[in-house]
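Chemist: Mind having a look at this structure? Questions to follow.
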Amino acid sequence: MEIAEAIFPILVLLALGIAAAVLSRMAKVSPIVGYLFLGIVVSAVRPELLSAGGTVHLLAELGVVFLLFDIGLHFSTAHVRRQAADIFGLGPLQVGASTILIGGCAWALGLSPIAALVIGITLALSSTAIVAGVIADRRQQNCPVALTAISILIFQDVAAIFLLILTTTLETGAAGPAMLAALLKTLVAIAIALLSARFIVRPLFAILSRHGGEEAFTATALLIALAAGWTAAIAGLSMTLGAFLGGMMVAESPFKASVRSEIGPFRGLLVSFFFLSVGASLDRAVVASAWPVIVAMAIGIIALKSVGNVLASLAFRWSVPGSIQLGVLMAGGSEFAFVVFAAPGARAAVGDATATQLVAAVALTLAVTPTLAYIGRAVAGRLRWRATRKMQTEMVPQGKTNPVIIVGMGDVGRTIADALEEFDIGYDAVERDGARLRSAVADGYKASFGDASDARLWRALDLGGRQFSVMTASSIAAAQEWIPSSLALYPDLHRLWVAGSDDEAAQLNELGIEAVVSSDESHGLDAAQALLTAFGIAPDAVSAWADRQRARIASPLAA
């Protein structure tokens, strides 16, 4: 009975969360809004569901941890080097501009300089969970606006560590030494993460790919996400920063697509609890008695942050449309405000009533962030009709999904990859055999670890954004179980299967899959030619390439 009573609140919230998500999509608004509204309603009607044993709070915190881990999976060291200007340049400039504007207004309204500084820095931050959620929900991860926003959010997460130290040490006067110690710890944590990626994570996943089952892979992904966050928290840093560094460790390996597929379901579920808890955190009595002030505060936060963000973006030579889109996207508040304004030192400096009103105003800005993102994107779109070429590049996805995904990197998979590279057609490949994967990567092929029959991997591979999938290694009997689901989820994906016989080809055709019969002696040349032809490559060029390949197969020294 104790277990049944413990899980009852979770069951109720899960059911309500599903309803909120479905109704939100039916209303053509982000599910984030539905979760926030659900939190407000539940806290008013059945608040005991949210406070039972602290389970919901724990799940909400874990949701942010997994979200930051997922973001870290996109930030390998090469990615950080590419985005260094945004992380270490535009990030500080954006926070500084918004702090000056908001803090200056607070000071002008009669607050003390230290209170104005705390308010300015706190409100200059944006919600990583909500902004990243909006970006993912609209499939904008590869657009420069989204990449820059995520880079700024990463800087803000680091800056929040020092903000929390400042607010908790206001009464002791020890903020300076504590912040210096946190900076040193952060640098050490980054160094440890990079070393761990090379000497621990890569070898560990290589072993799992050979000897570990699916449950071991899932458990390891969860372990890395939680252990990295826990280690950072024990060291006095942000748990979310630790989770981000954990994602970076995995991003340095060819296993990140598989890890993303394992983490994805946990992240989506747990983040919904975070949004629900944000809505529930609103003090309804305060909202009812001071709602005009709260609404004015929320409007002021959004307006001042938008101005500060736009000015910072313009200083970095962004176009006016791009600056507006980025500035409005980041105009909402941050979940860190709830922690900061709950700290005794901050409440003493700001005042209890003001702190409570600010928390409600920040929650309101979080609720409207998806709408702000839509408005910013719409305004930028209207302005872009007279954009210069430089402006228009801001809407071109960077790191765009390659059009072809190859499953299996044996001889046939390599031949198809060679054909695509010859004609500058982008591809990615997945291989579930550890030995073949290591060999393919060592030979320069763009391959990562994954089992194509695992439906959780399909989204991580972005099958919806690809034109062709080429299956070179899978059991047709086993594939009959997952092909119907794949066809239903991705009807526009052109599938090409390399069959070993006419009978196999006939079975595949019955399933709605185009099959190319390719003997062992051809090494997949027939399939490669069919794929190149489908891409519109001239027949003469395809034949000439195939002849050169046959010559190389017959004699490796042939010209």
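Chemist: Got a sec? Which of THR148, THR186 is modelled with pLDDT of 70 or more, over 20 Å from the mean Cα position of the chain (by Cα) and either in a helix (DSSP H, G or I) or under 20 Å from GLY333 (Cβ atoms) (or both)?
Modeler: Unique residue meeting the criteria: THR186.
Chemist: Considering only the range 73-86, I want to know if a residue exists there that is open to solvent by 10 Å² or more (accessible area, probe 1.4 Å), farther than 30 Å from ALA257 by Cα, at pLDDT below 80 and not in a helix (DSSP H, G or I).
Modeler: no
Chemist: Ok, one more. Within the range 244-263, can one find any residue that is touching a residue at least 40 places away in the same chain (Cβ under 8 Å), over 30 Å from VAL407 (Cα atoms), crowded, with 23+ Cβ neighbours inside 10 Å and of a type in the set (A, V, I, L, M)?
Modeler: Checking the range 244-263: not a single residue is touching a residue at least 40 places away in the same chain (Cβ under 8 Å), over 30 Å from VAL407 (Cα atoms), crowded, with 23+ Cβ neighbours inside 10 Å and of a type in the set (A, V, I, L, M).
Chemist: Need a quick list: helices (runs of 4 or more DSSP H) entirely within the range 293-365 having at least 3 residues that are surrounded by 21 or more Cβ atoms within 10 Å (Cβ to Cβ) and of a type in the set (Gly, Ala, Ser).
Modeler: It comes to 320-329.
Chemist: Could you say which residue among ILE18, ILE7, ILE40 is open to solvent by 90 Å² or more (accessible area, probe 1.4 Å) and either in a helix (DSSP H, G or I) or at pLDDT 80 or above (or both)?
Modeler: ILE18
Chemist: Same structure, new question: When both residues are 6+ apart or on different chains and their Cβ atoms are under 7 Å apart, which pairs have a first residue that lies in the range 120-132 and is of a type in the set (Gly, Ala, Ser), and a second that is open to solvent by 10 Å² or more (accessible area, probe 1.4 Å) and not in a helix (DSSP H, G or I)?
Modeler: Filtered contacts from the range 120-132: SER127/GLU335; ALA129/GLU335.
Chemist: Please verify whether ALA216 is open to solvent by less than 40 Å² (accessible area, probe 1.4 Å) and either within 30 Å of ARG436 (Cα to Cα) or at pLDDT 80 or above (or both), treating the condition exactly as stated.
Modeler: Here the answer is yes, as ALA216 does meet what is asked.
Chemist: Kindly provide the set of residues from the range 107-119 that are touching a helix residue (DSSP H, G or I) at 6+ places or on another chain (Cβ under 9 Å) and either among the aromatic types (Phe, Trp, Tyr) or surrounded by fewer than 23 Cβ atoms within 10 Å (Cβ to Cβ) (or both), ordered by number.
Modeler: Scanning the range 107-119 gives TRP107, ALA108, LEU109, LEU111, SER112, PRO113, ILE114, ALA115, ALA116, LEU117.
The values are calculated or read from the model by the stated rules, or taken from the named source; none is laboratory data. Keep in mind that this is a model prediction, so the values were computed, not measured. Every residue, glycine among them, receives a Cβ derived from its backbone with ideal geometry; neighbour counts consider all protein chains shown. Each accessible area value is taken on the protein alone, full model and side chains, heavy atoms only, with ligands, DNA and RNA left out. Shrake-Rupley method; radii C 1.70, N 1.55, O 1.52, S 1.80 Å.
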